[in-house]
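Asks: Can you read through this structure? Questions will come right after.
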Amino acid sequence: MKKIEAVIRPFKLDEIKDALIEMGVYGMTVSEVRGFGRQKGHKESYRGAEYTLDFIPKTEIKVIVSDALKDRVVETIIRITRTGSTGDGKIFVSSLDEVIRIRTGEEGEQAL
């Protein structure tokens with residue numbers, strides 16, 4: 001099993017959610033996060049005063065999938081979120097040793 005974490009532009013969330021549900025991924029955790037990478041920050045004006053926003057608003061998605069679905073999920077996230085501009089985001093993939101559904105006690109892929 002794999003844990004896929006993607007930090008993306010917020011307006012891409014609904015499109016990713018719909019695509020993942022269509023391929024059979026039903027569980028997802030979504031968080032509103034702020035951060036910076038190569039995009040760094042940007043300057044804005046408020047009442048004539050200029051200030052810098054060091055942390056850019058992003059959305060973080062976490063999904064747990066079977067090994068067989070990993071490549072399709074990663075490719076789908078890339079296809080939907082890639083604009084070719086700085087700030088498109090990052091995807092992190094890690095292996096999971098164990099997953100347990102608390103309600104039933106199911107383990108492994110049955111718990112997904």
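Asks: Take the alpha-carbon centre of the range 6-27, take the same for the range 49-97, and report the distance between them in whole Å.
Replies: Taking the Cα centre of each part, the range 6-27 and the range 49-97 sit 10 Å apart.
Asks: Nearest 10 degrees is fine. How inclined is helix 13-22 to the longest principal axis of the chain, computing both from alpha carbons?
Replies: Helix 13-22 sits roughly 20 degrees off the main axis of the chain.
Asks: I would also like to ask the following. If you stretched the chain out fully between Val74 and Asp18, how much longer would it get, using 0.36 nm times the residue separation minus the C-alpha to C-alpha distance?
Replies: Here the answer is 18.7 nm.
Asks: Do any chymotrypsin sites (Phe, Trp or Tyr not before Pro) in the range 13-112 lie in a DSSP loop with no more than 12 other beta carbon atoms within 10 Å, and if so, which?
Replies: Tyr26, Phe55
Asks: Checking a compactness column here: for the range 2-111, what do you get for Rg(Cα) / (2.2 N^0.38 Å), N being the number of residues?
Replies: The reported ratio for this selection is 1.29.
Asks: Helix 67-81: angle to the longest alpha-carbon principal axis of the chain, degrees 0 to 90, nearest 10?
Replies: Roughly 20 degrees, rounded to the nearest 10.
Asks: Working out 0.36 nm times the residue gap between Ser66 and Arg82, then minus their Cα-Cα distance, what length gain in nm do you get to one decimal?
Replies: So the extension gain works out to 3.4 nm.
Asks: Points 7 angstrom from Cα along the Cβ direction at Ile91 and Glu107: gap in nanometres?
Replies: It works out to 3.0 nm between the two label points.
Asks: Please find the FRET efficiency linking Tyr26 to Leu53, where r is the Cβ-Cβ separation and R0 is fixed at 25 Å, and quote it to the nearest 0.05.
Replies: So, using R0 = 25 Å, E works out to roughly 0.10.
Asks: Quote the charge dipole size of the chain about the Cα centre in Debye, to the nearest 20; the model charges only the Cβ of Lys and Arg (+1) and of Asp and Glu (-1).
Replies: Taking the Cα centre of the chain as origin, the dipole is about 480 debye.
Asks: If you filter the range 1-97 for trypsin sites (Lys or Arg not before Pro), then keep DSSP loop positions with at most 11 other Cβ within 10 Å, what is left?
Replies: Arg38, Arg47, Arg82
Asks: So what is the 222 nm mean residue ellipticity for the chain from helices alone, if each DSSP H run of at least 4 adds -39500 (n - 2.57) and you divide by all residues, rounding to the nearest 500 deg cm²/dmol?
Replies: The per-residue figure over the chain is -7000 deg cm²/dmol.
Taken together, the values in this text are just the output of simple stated rules run on the coordinates, not laboratory data. Model, not experiment: these values are computed from the prediction. Here Cβ is always computed from backbone atoms with ideal geometry, including for glycine, and neighbour counts include all displayed protein chains.
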